[in-house]
Amino acid sequence: MKQDFDDPLLNHGNLHCKLSVDEKVVFIGTQTWLEKGHSTLALATIQPEMEPEMLDGGPDFQYSQKGAALRVYCPNPRKKESDLFALTRIPGPQEPDVSDVKAFTKNYSKGVAASRQCSR
């Protein structure tokens, strides 16, 4: 008998990965499902590191020096009624280059798009 395990992302909507250096969180990567119709801008502005006046981008990708939110396009999403988003956040005093935040977020979202969240 094969037992299927619960998928925390499908059941609760969020999956967080934190990177710590010297016991301080320096990076947070998040995958989150939201009902269709949510905007990337609305999602970005509720993140503590992303101040609305510092955000730039378009309808599917909002970014700043301290993080980004990107809508992930899934060929076969596991949650048909929802959209999947990838978020990157840089808490604390670090001041990365905005182009690095954009590039990292785009690469992170490619990994999310290749995950089992985007294939049934």
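The values are calculated or read from the model by the stated rules, or taken from the named source; none is laboratory data. Values in this document were obtained by computation on a predicted structure and should not be read as measured data. As a convention, Cβ positions derive from the backbone with ideal geometry for all residues, glycine included, and neighbour counts pool all protein chains shown.
Descriptive notes on the structure:
- Members of the stretch 79-120 that are touching a strand residue (DSSP E or B) at 6+ places or on another chain (Cβ under 9 Å) and small (Gly, Ala, Ser): Ser82, Ala86, Gly92, Ser109, Gly111, Ala113, Ser115
- On inspection, Lys36 fails the criterion of being more than 16 Å from Ser109 (Cβ to Cβ), modelled with pLDDT of 90 or more and touching a helix residue (DSSP H, G or I) at 6+ places or on another chain (Cβ under 8 Å).
- Residue ID - farthest from Pro91 (Cα to Cα), chosen from residues in the stretch 36-64 that are surrounded by fewer than 20 Cβ atoms within 10 Å (Cβ to Cβ) and polar (S, T, N, Q): Ser39
- Those strands (runs of 3 or more DSSP E) of the stretch 27-75 in which at least 1 residues are hydrophobic (A, V, I, L, M, F, W, C), considering only elements entirely within it, cover 61-64, 67-72.
- Enumeration of residues in the stretch 79-114 that are surrounded by fewer than 19 Cβ atoms within 10 Å (Cβ to Cβ), touching a residue at least 24 places away in the same chain (Cβ under 8 Å) and in a loop (DSSP other than H, G, I, E, B): Lys79, Glu81, Pro91, Gly92, Gln94, Glu95, Pro96, Asp97
- Exactly one residue among Pro52, Pro48 is out of contact with any Asp or Glu (no Cβ under 9 Å at 6 or more places or on another chain), more than 19 Å from Asn14 (Cβ to Cβ) and not β-branched (Val, Ile, Thr), and that residue is Pro52.
- Among the residues of the stretch 1-19, the ones that are closer than 23 Å to Pro91 by Cα and either at pLDDT 90 or above or not small (Gly, Ala, Ser) (or both) come to 7 in all.
- Within the stretch 67-78, the set of residues being touching a strand residue (DSSP E or B) at 6+ places or on another chain (Cβ under 9 Å) and touching a residue at least 40 places away in the same chain (Cβ under 8 Å) comprises Val72, Tyr73, Cys74, Pro77, Arg78.
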